[in-house]
1. Based on what the data block shows, is B:Lys79 assigned to a loop (DSSP other than H, G, I, E, B) and at negative phi?
2. Quick one: in the stretch B:95-106, of everything that is surrounded by fewer than 22 Cβ atoms within 10 Å (Cβ to Cβ) and at the interface with another protein chain (Cβ under 7 Å from one of its Cβ atoms), which residue is nearest to the chain's Cα centre (by Cα)?
3. Could you figure out which of (1) away from chain A (no Cβ under 11 Å); (2) touching a residue at least 40 places away in the same chain (Cβ under 8 Å) isn't true of B:Leu287?
4. Which ones in the stretch A:15-43 are more than 11 Å from chain B (Cβ to nearest Cβ) and surrounded by fewer than 20 Cβ atoms within 10 Å (Cβ to Cβ)?
5. Of everything in the stretch A:30-42, what is assigned to a helix (DSSP H, G or I) and under 10 Å from A:Glu60 (Cβ atoms)? Give them in sequence order.
6. Based on what the data block shows, is B:Gly243 within 11 Å of chain A (Cβ to nearest Cβ) and not aliphatic (A, V, I, L, M)?
7. Is it the case that A:Met254 is crowded, with 23+ Cβ neighbours inside 10 Å and in the same structural domain as A:Gly73 (by TED's automatic domain parsing)?
8. Which of (1) facing chain A (nearest Cβ under 9 Å); (2) surrounded by 20 or more Cβ atoms within 10 Å (Cβ to Cβ) does B:Thr250 not meet, given it meets every other one?
Amino acid sequence: MKKRVLKRGWFSATISYTYLSILGILAAFPLVWIILSAFKSKGEITAYPTRFFPKVFSLEYFDIVLNQLKFTGNIVNSIVIAGATTLIALTISALAAYGIVRFFPRFGKALTRVLITTYMFPPILLAVPYSILMGSLGLVNTRIGLIIMYLSFSVPYAIWLLVGFFKTVPIGIEEAARVDGANKFVVFYKIVLPIVAPGIVAVAIYTFINAWNEFLYALIMTNSRELMTVSVALKSLEGQEVLDWGTMMAASTMVVLPSVIFFMLIQKKIAGGLAAGSVK
Amino acid sequence: MQITNKDLRKKPDITGFLFILPAVLVLFLLLLYPVFTSVYYSFTSKHLVRPSYKFVGFDNYIKVLSDPNFYKAFMTNIKWTVYSLAGQLLVGFTAAMALHRIKKFKSFLRTILIIPWAFPSIVIALSWKWILNGVYGFVPIMLQKLGIVSEIPQFFSNPNLVFGTLVFVNIWFGSPLIMVNILSALQSVPEDQYEAAQIDGASAWQSFCSITVPHIRNVVGLLMVLRTIWIFNSFDIIFLLTGGGPANITTTLPIYAYNIGWGIKQLGRSSAITVLLLIFLLLVCALYFKLLNKWEKEFN
């Protein structure tokens with residue numbers, strides 16, 4: 001009762017619900033439309049007038065994507081690249097975030113500035129030196145090349161998010177272990193990591209999604225069909241002479257659904273951390 | 001033997017440094033080093049394919065700064081950033097206020113509203129191209145059927161519509177991030193301050209100005225900095241939706257740099273463009289931080 005009185009004015013509940021419903025439809029519509037289009041059959045997708053729901057749920061386009069276009073190979077590429085990026089980035093970032101919180105707390109404020117500065121580097125700025133560097137290292141058209149490039153944005157971001165989680169670990173627990181003679185790495189591994197595990201899992205999933213979604217670096221670094229990530233493979237479908245929207249929507253569904261579902265699972269942990277962790 | 005707080009926290013010995021060493025290496029090797037090489041290449045005739053190149057002094061910068069397309073791209077970039085940022089802030093902020101206001105279905109609505117955030121840029125592009133398609137698109141056909149337009153609108157090829165379409169898609173994509181960050185800032189405002197204001201007879205508008213605004217100002221400020229940079233730099237959405245066209249109407253600096261570097265293969269000149277882009281962003285950032293510091297002082 002008290003709360004309701006306090007929050008009165010501004011937005012009345014009715015206006016709020018109406019507004020949020022409209023925004024909700026706008027936010028969800030592309031996802032819904034991609035999925036519905038993907039399940040339509042060949043004649044139906046371009047029929048006029050457009051039907052909202054497919055007459056029959058057909059798997060025709062999924063069949064084309066998987067069996068004719070061999071999209072599975074691209075999915076494997078993306079999983080390997082995003083998975084390796086996540087594993088390496090999280091190891092580096094968890095160590096760094098803990099090190100900053102425990103041993104270099106003053107460094108924290110400066111770090112925020114550094115991270116914002118790296119955030120400022122336009123991806124296109126890094127694209128030029130990367131493509132030259134990877135060329136001279138012979139890493140063009142390789143998964144390793146992309147993994148290295150992806151660390152450049154994954155590590156700063158993961159540190160940023162993880163610092164917030166490590167700050168919540170009470171120092172008393174660590175002291176007890178130190179008294180028992182455990183060294184810093186053992187304390188970190190055996191005591192601190194399990195406490196922040198839920199946060200680490202959330203950041204790991206977020207890192208994975210970002211690597212899975214990445215486009216520009218994958219575009220400039222790959223030119224063979226087999227080595228394309230899902231993003232670039234999807235883009236290449238658009239380059240065909242006759243645009244096959246059904247195929248594109250089926251492939252899009254397979255790329256976007258995992259991102260959306262996993263993001264929904266972790267959003268509460270990630271969201272807000274961005275601004276909250278950095279302003280303090 | 002007792003280990004005090006001080007021992008654990010304040011003594012950065014060699015082991016402590018080992019924790020941050022890998023991250024420092026990543027920072028230097030993958031971020032700072034490439035930026036410096038980029039500056040170096042901006043003074044050379046580096047080509048995308050040909051291996052040999054030579055030092056050309058300020059040639060690239062002169063070429064870029066005397067190209068009218070550079071200024072056109074710069075203005076488009078400013079316009080793109082201002083409209084997108086304003087739209088994202090407006091939608092994100094009002095949505096956060098509305099979410100903060102309600103109780104039922106709050107979690108559900110919030111989850112639905114963040115969907116765009118998780119979209120890969122290529123799927124953002126393909127889905128909107130499909131929805132707004134000039135022949136089969138759901139929205140254009142609906143608009144025509146409802147009698148709002150007589151001819152099916154061409155959202156991506158009509159020069160009068162294309163820029164607005166891009167900004168709309170960018171607002172669609174970027175608002176959720178702003179929304180959740182402002183929402184979490186709103187939730188951090190202590191309720192008792194509102195109660196006190198209520199007792200003192202403050203109006204909703206007054207308590208908004210004197211309680212809510214100071215609490216969320218820093219978050220909004222930082223979000224603005226980050227979003228400005230992000231939108232200014234953004235490449236994917238424009239590249240994938242229009243490729244900078246039609247007739248370069250939607251070419252921003254990152255697209256322009258890409259066209260020079262990968263279109264006509266002049267990596268040296270492309271580097272010069274991106275270095276100019278970075279210098280501009282550094283200036284904007286310095287200005288923002290000055291403003292933020294001023295706000296912080298006023299607040300405390």
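The values are calculated or read from the model by the stated rules, or taken from the named source; none is laboratory data. The structure presented is a predicted model; accordingly, all values stated were derived computationally and were not measured. Quick reminder, even Gly has a Cβ in these numbers, built from the backbone with ideal geometry, and neighbours come from all protein chains shown.
1. Taking the combined requirement at face value, the residue does not satisfy it.
2. B:Met97
3. Against the list (1) away from chain A (no Cβ under 11 Å); (2) touching a residue at least 40 places away in the same chain (Cβ under 8 Å), B:Leu287 comes up short only on (2).
4. Within the stretch A:15-43, A:Ser41, A:Lys42, A:Gly43 qualify.
5. Selection gives A:Ala38, A:Lys42.
6. In short, yes.
7. No: the conditions fail for A:Met254.
8. Unmet condition: (1).
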